[in-house]
2 protein chains.
Amino acid sequence: MARPTLSREQIVATAIEVADDGGLDAVTMRLVGQRLNASGMALYRHVANREALLEAMIDAVAGEFGYPEPRPAHWRDALAAMAWQDWRSYFAHPWFLVATATCRPVLGPRMLQSMEWALAAFDDVDVKPHEKLRLLSVLYSYVQGLALTWTPQGDGESVRQYWTERLLGTGLNRLEAIVGDLGEGEFDLDADFEFGLRRVLDGIELYLTTRPERPVKAAPDRQ
Amino acid sequence: MARPTLSREQIVATAIEVADDGGLDAVTMRLVGQRLNASGMALYRHVANREALLEAMIDAVAGEFGYPEPRPAHWRDALAAMAWQDWRSYFAHPWFLVATATCRPVLGPRMLQSMEWALAAFDDVDVKPHEKLRLLSVLYSYVQGLALTWTPQGDGESVRQYWTERLLGTGLNRLEAIVGDLGEGEFDLDADFEFGLRRVLDGIELYLTTRPERPVKAAPDRQ
DNA sequence: CTTGTGGTGCTTACAACGTAAACATGGCGA
DNA sequence: TCGCCATGTTTACGTTGTAAGCACCACAAG
């Protein structure tokens, strides 16, 4: 049989390149094929259809940067590291969140592995597995939701500019007060993210430490 | 001039119906027009293009259910009410989150009004406006992110079924332990949501009550 | 009453998309 | 050497968003 010149991994990688350059709309079968000196239809030999390609792209990005090994001993440090990593990933690939919203939530192998890593952060904590997932979900959701709000979308117009534009002249004084606040200070997205991250981790920590019925067992002190 | 038989509001409302029935992909200019006994091109007299239509749909849904008036006196009650309302909205219109992810974050008039309502919940709290927005963002993001994970996407396959399917046989024991947990117990999305909501509100409350430099001023006790 | 005039909806047309179907090709097993 | 079949290509079809031009009609001006 004819030696294949295309591979599934190569296709996915190229599609990711295309998406990074031109957004998710640019991920066209023909265009991805073109970057590989192939026709658009060639992709169908390695990928069921466009949606499957998107799912593959999502899972590829999900495992792109590994989480730190060994995992920090205290769950709070581990989860913070994970949150930062995800946060960075979302900005490295602005199309990522759009894709996950469009497709159903993708539980590919790499994504599952990441979840396992995160769950292991709670190994020292005496909570039911389902509650561990619930706690994780709070953090995942926060990171995802905030990124969704602030990732630059399509056109080059800065998100900050868009907000100040829209908030002024609305006659809503509390919103306009924020614009004043934003104008004078710097616009530091990472700082905003870290602020919220602290609140979320605080909420989780409060739960783990104050439930009288299930005391924390042998959680290592943070150094 | 010829009396108009279409109106922008009518178009937006019809488009929302279409999306509720057949998902966001069904929101085609031609199909929305057809429901109004009009051609697809007729819509362009009232809406710039498809994206503008989506943005209008988003803002319409954002203001569909008003938040409770009068607003609960304690910020925590107010924010909880808001979060539940948003949570319900996301499930009433599964396409909503997909649309907000696709378009840039939409700050339409109704959405801004909702934000103003939420900000007012912090009127009794002595925090800088920018920090109020940060605190709100934590909650918004959590609700949005969790809904994004659990809203049924497209096909009728239940999300729960999809998860159990994917989690089994991965060889990752922490994930499989969760499936066992899910299997025996009930699968109560609202309970999951409320659990996380408590954690987020706890995190916010901890911040507001323990900062030594900015004490809470005259926040009313909850009855 | 007649006559623009401009807002409204319709028709046609086009490029781009996902993808089904048939075809061409070339390396490997027999 | 022959045939097979996986791989990539070509062609084609239906659907999409939307640009361009046309047809209509109600009102203001004459």
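Scan the stretch A:133-152 for residues that are more than 7 Å from chain B (Cβ to nearest Cβ) and open to solvent by 30 Å² or more (accessible area, probe 1.4 Å) and the total you get is 1. Taking the stretch B:43-81 as the range and being buried (at least 18 other Cβ atoms within 10 Å of the Cβ) and within 16 Å of DNA strand D (Cβ to nearest atom) as the test, the residues that pass are B:L43, B:V47, B:L53, B:L54, B:E55, B:A56, B:M57, B:I58. Can you find a residue that is part of a helix (DSSP H, G or I) and either modelled with pLDDT of 90 or more or open to solvent by 20 Å² or more (accessible area, probe 1.4 Å) (or both) anywhere in the stretch B:211-223? The answer is no, given that none of the residues of the stretch B:211-223 is part of a helix (DSSP H, G or I) and either modelled with pLDDT of 90 or more or open to solvent by 20 Å² or more (accessible area, probe 1.4 Å) (or both). Across the stretch A:171-189, the number of residues qualifying as in contact with a helix residue (DSSP H, G or I) (Cβ under 9 Å, 6 or more places away or on another chain), farther than 15 Å from B:R134 by Cβ and at pLDDT 85 or above comes to 3. Could you go through the stretch A:91-101 and let me know if any residue there is more than 23 Å from B:D25 (Cα to Cα), of a type outside the set (S, T, Y), buried (at least 17 other Cβ atoms within 10 Å of the Cβ) and not assigned by TED's automatic domain parsing to the domain that holds A:D192. Within the stretch A:91-101, not a single residue is more than 23 Å from B:D25 (Cα to Cα), of a type outside the set (S, T, Y), buried (at least 17 other Cβ atoms within 10 Å of the Cβ) and not assigned by TED's automatic domain parsing to the domain that holds A:D192.
Give A:Q113, A:Q85, A:Q10 a once-over and let me know the one that is in contact with a Gly (Cβ under 7 Å, 6 or more places away or on another chain) and of a type outside the set (V, I, T).
Just one listed residue meets the conditions, A:Q113.
For B:Q34, only one of the following conditions fails: (1) within 8 Å of DNA strand D (Cβ to nearest atom); (2) at pLDDT 95 or above. What is its number? Only one criterion is unmet by B:Q34, namely (1).
Listed here are the residues, each with its yes/no results for (1) in contact with a Lys or Arg (Cβ under 7 Å, 6 or more places away or on another chain); (2) modelled with pLDDT of 85 or more; (3) closer than 20 Å to A:Y140 by Cβ.
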| site | (1), (2), (3) |
| --- | --- |
| B:R88 | no, yes, no |
| B:H93 | no, yes, no |
| B:F96 | no, yes, yes |
| B:F122 | yes, yes, no |
| B:K128 | no, yes, no |
| B:V138 | yes, yes, yes |
| B:V143 | no, yes, yes |
| B:W163 | no, no, yes |
| B:L201 | yes, yes, yes |
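Among the residues of the stretch B:24-40, those identified as within 10 Å of DNA strand C (Cβ to nearest atom) and either under 25 Å from the mean Cα position of the chain (by Cα) or not basic (K, R) (or both) are B:M29, B:G33, B:Q34, B:L36, B:N37, B:A38, B:S39, B:G40. Of all residues in the stretch A:1-31, those satisfying the criterion of being within 13 Å of DNA strand D (Cβ to nearest atom), surrounded by fewer than 17 Cβ atoms within 10 Å (Cβ to Cβ) and closer than 19 Å to A:V61 by Cα are A:S7, A:R8, A:E9, A:Q10, A:D25, A:T28.
What do you reckon, is B:R35 of a type outside the set (S, T, N, Q), in contact with an Asp or Glu (Cβ under 8 Å, 6 or more places away or on another chain) and outside the structural domain of B:P94 (by TED's automatic domain parsing)? Answer is yes for this residue. Residues of the stretch A:32-52 that are hydrophobic (A, V, I, L, M, F, W, C), farther than 21 Å from A:A92 by Cα and part of a helix (DSSP H, G or I): A:M41, A:A42, A:L43, A:A52.
The values are calculated or read from the model by the stated rules, or taken from the named source; none is laboratory data. Computed from a predicted model, the values in this text were never measured in an experiment. Virtual Cβ from ideal backbone geometry, glycine too; neighbours counted across all protein chains shown. Side chains included, ligands, DNA and RNA excluded: accessible areas come from the protein's heavy atoms. Shrake-Rupley method; radii C 1.70, N 1.55, O 1.52, S 1.80 Å.
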